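The values are calculated or read from the model by the stated rules, or taken from the named source; none is laboratory data. This is a predicted model, so every value here is computed, not measured. Note that we place each Cβ from the backbone using ideal geometry, even for glycine, and neighbour counts take in every protein chain shown. All accessible areas refer to the heavy atoms of the entire protein, side chains included, with ligands and DNA or RNA removed. Shrake-Rupley method; radii C 1.70, N 1.55, O 1.52, S 1.80 Å.
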Amino acid sequence: MTSPTSQSAAATLHVQSPEQTEWWRHAVIYQIYPRSFADGDGDGMGDLPGITSRLDHLAQLGVDAIWLSPFYRSPQNDAGYDVADYRDIDPLFGTLEDADELIDTAHSLGIRVVVDLVPNHTSDQHAWFRAALAAGPGSPERERYMFREGAGPDGAQPPNNWESLFGGPAWTRVREREDAPGSSWAEDGQWYLNLFDTSQPDLNWENPEVHREFDDILRFWLDRGVDGFRVDVAHGMIKAEGLPDWSGHVEMVSGAAEAADAPGDNPGMPPYFDQDGVHEIYRHWRTILDEYSGDRMLVAEAWVDPLERLARYVRADEMHQAFNFAFLTQPWEASALRATIAESYAVNDSVSAPTTWVLSNHDVVRHASRMGFAEATNSGPNKGIGPQDPQPDRALGLRRARAASLLMLGLPGSAYLYQGDELALPEHTTLPAESRQDPTFFRTDGEERGRDGCRVPIPWEAGAPAYGFSSTGKSWLPQPDDWDDYAVSSQRGDAGSTLELHRQALRLRREYGLGTASLADEPQLAGAGGVLALVSSDPAGERADVLLMANTGSEPVELPAGWTVVLSSAADAAAGSSSGADGVVVPADTTVWAVRG
Ligand code: NOJ
């Protein structure tokens, strides 16, 4: 048993300015993956009416906003991140009227709505790309994308050596496309850049026409009442001058690079990520959002290292938030977590931006499974897990996921929940190859298992067909057979359930104003191994301090003197009642919230 001792100086991690109260500075935002949230018409694919019908679940949970992954018209080669028409809804998901109804219903429940914007690339079925293929080399239509002549004597080599983040080359030769035979581009020797799938051509953000088009798309959705945009690949739109070769290794999706000498503006990132030119785009977008009433916001999906570079995206005249993937990629280990939390506040506070927190999304292995390995490693969170891989320990993952989520929800700033996090839903780790749909699986010949395991439709009703996801029992990805206990119906009203833990956490977070608090180490535990103990205090001094204490070690740790537990992630340790010989203990892999007294 570790006892409270003062082993190193306690520090202040974050000082909250009492004036900064805009909703996006402290909101809990729930990510809905439309394909997998709720299916209104029984075809096995989630849709907008399905989402609207289930919004009461989110109102009861107590979230401030939802973020919807793409619902736009799309051939769905990358689950909707390949957009063919940014101003229309894919028939799979419904209609524009359904979107209006969803937005209105959410607003009537006090829930804001953030939509996904995919500006780095379009689908190859987008009218612009079809026109670019048809118009041929040298045309203004081709100038909207990244077309280049090939290298080598006959241009048969790609223009540079970049690799797609989904595996394989990042360039496609026009004449080698499947639709080339018999077309006007059958002999066309040009290549186009696709950082992701071949069907996702990168746009040319050096072209003012592209800027104008996206200004208009922003306005289209702002006029429909959305409260903000999650900006996909926000670090990718500008590429380093001259598209220089780069041979470093890139992590799938994230772009986390191994080399530290890349050409371009950030030597630690590939030359197609985090180039300084992207910031002009966001400065301009900010002026558009500022024309609208109601605190509209932009959140950057930017896998950018180091955190100082990421903080540049949230300078006062740019975006409002950026996802903190540094937190997501930490192992469940107190000193690593504390270091990332401290650094995150340091860089974001320096630009007066909120820090965000996220543990799972549709691109990474769910944290209830990531954390279910005894080794406290969290590397490669987006490679996926298949039936032949080592399988996570569910009980361990569940325990740590609850603890990690409770820690996250106590921190000042804005927290993201991915649908199913509130159920501690694990990854589907035994999906058969024939069910997989993620292009990363195919483009790497299965070496990367891909992201399907975190995208499986969520369980609503135990015992019902498709666990109540659809009325017919259809589900676009198969659900595991043993998800009854995770279903909303199984957890609702059960005081020890993860769903009720989240509801309580969100209620107390609001009551104590944890999202807009200042944060410092608890001096009695500063430096103690395996323990993270942070004191959340009200900048206005009007409410009692709250201790956030996470025990990531394998032994119980005594709660420091002067605190009373109000919420615990350990289902077997009800608030305040877990006493050891020396006082209240916090069990291994547990987070508690406690108040003074
Ligand atoms: C990031 C998205 O989250 C991911 O799902 C998608 O595949 C890539 N960007 C490409 O749009």
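Restricting to the range 420-435, and then to whatever is part of a loop (DSSP other than H, G, I, E, B) and in contact with a helix residue (DSSP H, G or I) (Cβ under 7 Å, 6 or more places away or on another chain), can you tell me which residue is nearest to residue 385 (Cα to Cα)? Spell out the reasoning first.
First, pick out the residues of the range 420-435 that are part of a loop (DSSP other than H, G, I, E, B): 420, 424-432.
Pick out the ones that are also in contact with a helix residue (DSSP H, G or I) (Cβ under 7 Å, 6 or more places away or on another chain) and you get 424-429, 431.
Details: 424: 17, 425: 15, 426: 11, 427: 8, 428: 8, 429: 5, 431: 9 Å.
Among residues in the range 420-435 that are part of a loop (DSSP other than H, G, I, E, B) and in contact with a helix residue (DSSP H, G or I) (Cβ under 7 Å, 6 or more places away or on another chain), the one nearest to residue 385 (Cα to Cα) is 429.
Do we find a residue being among the basic types (Lys, Arg) and in a helix (DSSP H, G or I) anywhere in the range 472-485? First the steps, then the outcome.
If we filter the range 472-485 for residues that are among the basic types (Lys, Arg), which is where we start, we get 474.
Subset that is in a helix (DSSP H, G or I): none.
No, the range 472-485 contains no residue that is among the basic types (Lys, Arg) and in a helix (DSSP H, G or I).
Of everything in the range 86-121, what is under 26 Å from residue 282 (Cβ atoms), over 20 Å from the mean Cα position of the chain (by Cα) and within 16 Å of the ligand (Cβ to nearest atom)? Give them in sequence order.
Scanning the range 86-121 gives a single hit, 86.
What's the total number of residues in the range 385-401 that are touching a strand residue (DSSP E or B) at 6+ places or on another chain (Cβ under 8 Å) and open to solvent by less than 30 Å² (accessible area, probe 1.4 Å)?
Narrowing the range 385-401 to residues touching a strand residue (DSSP E or B) at 6+ places or on another chain (Cβ under 8 Å): 399.
Checking which are open to solvent by less than 30 Å² (accessible area, probe 1.4 Å) leaves us with none.
Number of matching residues: 0.
Being open to solvent by 20 Å² or more (accessible area, probe 1.4 Å) and of a type in the set (D, E, K, R): is that true of residue 448 here? Quick ask: steps written out before the conclusion?
Details: open to solvent by 20 Å² or more (accessible area, probe 1.4 Å): yes; of a type in the set (D, E, K, R): yes.
Considered against the rule, which asks whether it is open to solvent by 20 Å² or more (accessible area, probe 1.4 Å) and of a type in the set (D, E, K, R), residue 448 comes out as yes.
If I filter the range 52-85 down to residues being within 14 Å of the ligand (Cβ to nearest atom) and of a type in the set (Gly, Ala, Ser), which single residue comes out as nearest to residue 107 (Cα to Cα)?
Within the range 52-85, the first condition is being within 14 Å of the ligand (Cβ to nearest atom), and the residues that meet it are 67-72, 74-84.
Then keep just the ones that are of a type in the set (Gly, Ala, Ser); that gives 69, 74, 79-80, 84.
On the way: 69: 18, 74: 26, 79: 26, 80: 24, 84: 28 Å.
Here the residue is 69.
Within the range 133-144, is even one residue surrounded by 17 or more Cβ atoms within 10 Å (Cβ to Cβ), more than 24 Å from the chain's Cα centre (by Cα), within 16 Å of the ligand (Cβ to nearest atom) and of a type outside the set (A, V, I, L, M)?
no
Working only within the range 518-536, note down all residues that are at pLDDT 95 or above, out of contact with any helix residue (DSSP H, G or I) (no Cβ under 9 Å at 6 or more places or on another chain) and hydrophobic (A, V, I, L, M, F, W, C).
Hit for the range 518-536 is 520, nothing else.
Determine if the range 451-462 includes at least one residue that is open to solvent by 40 Å² or more (accessible area, probe 1.4 Å) and at pLDDT 95 or above. Explain how you work it out, then say what you get.
If we filter the range 451-462 for residues that are open to solvent by 40 Å² or more (accessible area, probe 1.4 Å), which is where we start, we get 461-462.
Going one step further and asking which of them are at pLDDT 95 or above, we end up with 461-462.
The answer is yes; a qualifying residue exists.
Being open to solvent by less than 20 Å² (accessible area, probe 1.4 Å) and within 16 Å of the ligand (Cβ to nearest atom) is the filter here, so list the residues in the range 193-205 that pass it.
Taking the range 193-205 first, the residues open to solvent by less than 20 Å² (accessible area, probe 1.4 Å) are 193-196, 199-205.
Matches in the range 193-205: 193, 194, 195, 196, 199, 200, 201, 202, 203, 205.
Among the residues of the range 350-361, are any in contact with a Lys or Arg (Cβ under 7 Å, 6 or more places away or on another chain) and within 16 Å of the ligand (Cβ to nearest atom)?
Just the residues of the range 350-361 that are in contact with a Lys or Arg (Cβ under 7 Å, 6 or more places away or on another chain), to begin with: 351, 354, 360.
Pick out the ones that are also within 16 Å of the ligand (Cβ to nearest atom) and you get 360.
Within the range 350-361, one or more residues are in contact with a Lys or Arg (Cβ under 7 Å, 6 or more places away or on another chain) and within 16 Å of the ligand (Cβ to nearest atom).
Does the range 400-419 contain any residue that is assigned to a loop (DSSP other than H, G, I, E, B) and within 16 Å of the ligand (Cβ to nearest atom)? Can you show your working first?
Residues of the range 400-419 assigned to a loop (DSSP other than H, G, I, E, B): 411-413, 419.
Filter once more, so that each one left must be within 16 Å of the ligand (Cβ to nearest atom): 419.
Scanning the range 400-419, I find at least one residue that is assigned to a loop (DSSP other than H, G, I, E, B) and within 16 Å of the ligand (Cβ to nearest atom), so the answer is yes.
What's the number of the only condition in (1) away from the ligand (no atom under 16 Å from the Cβ); (2) assigned by TED's automatic domain parsing to the domain that holds residue 285; (3) within 26 Å of residue 440 (Cβ to Cβ) that residue 213 fails to meet?
Here residue 213 clears every test but (3).
Please go through the range 169-184 and pick out each residue that is assigned to a loop (DSSP other than H, G, I, E, B) and surrounded by fewer than 19 Cβ atoms within 10 Å (Cβ to Cβ). Can you show your working first?
Looking only at the range 169-184, we keep the residues that are assigned to a loop (DSSP other than H, G, I, E, B), and these are 170, 177-184.
Scanning the range 169-184 gives 177, 178, 179, 180, 181, 182, 183, 184.
Quick one: which helices (runs of 4 or more DSSP H) lie wholly within the range 317-384 and hold at least 2 residues that are touching a residue at least 40 places away in the same chain (Cβ under 8 Å) and in contact with a strand residue (DSSP E or B) (Cβ under 9 Å, 6 or more places away or on another chain)?
Numbers: elements: 325-328, 334-349, 367-370.
The helices (runs of 4 or more DSSP H) meeting that bar are 325-328, 334-349.
When the range 132-152 is examined, which residues are found to be touching a residue at least 12 places away in the same chain (Cβ under 8 Å) and assigned to a helix (DSSP H, G or I)?
If the condition is that a residue be touching a residue at least 12 places away in the same chain (Cβ under 8 Å) and assigned to a helix (DSSP H, G or I), then 132, 133, 134, 142, 143, 144 are the ones that fit.
In the range 233-265, how many are at pLDDT below 95 and under 24 Å from the mean Cα position of the chain (by Cα)?
Qualifying residue count for the region: 10.
Considering only residues that are open to solvent by 30 Å² or more (accessible area, probe 1.4 Å) and modelled with pLDDT under 95, which ones fall in the range 296-325? Outline the logic, then answer.
Within the range 296-325, the subset open to solvent by 30 Å² or more (accessible area, probe 1.4 Å) is 296, 305-306, 308-309, 312, 315-317.
Correct list: 305, 306.
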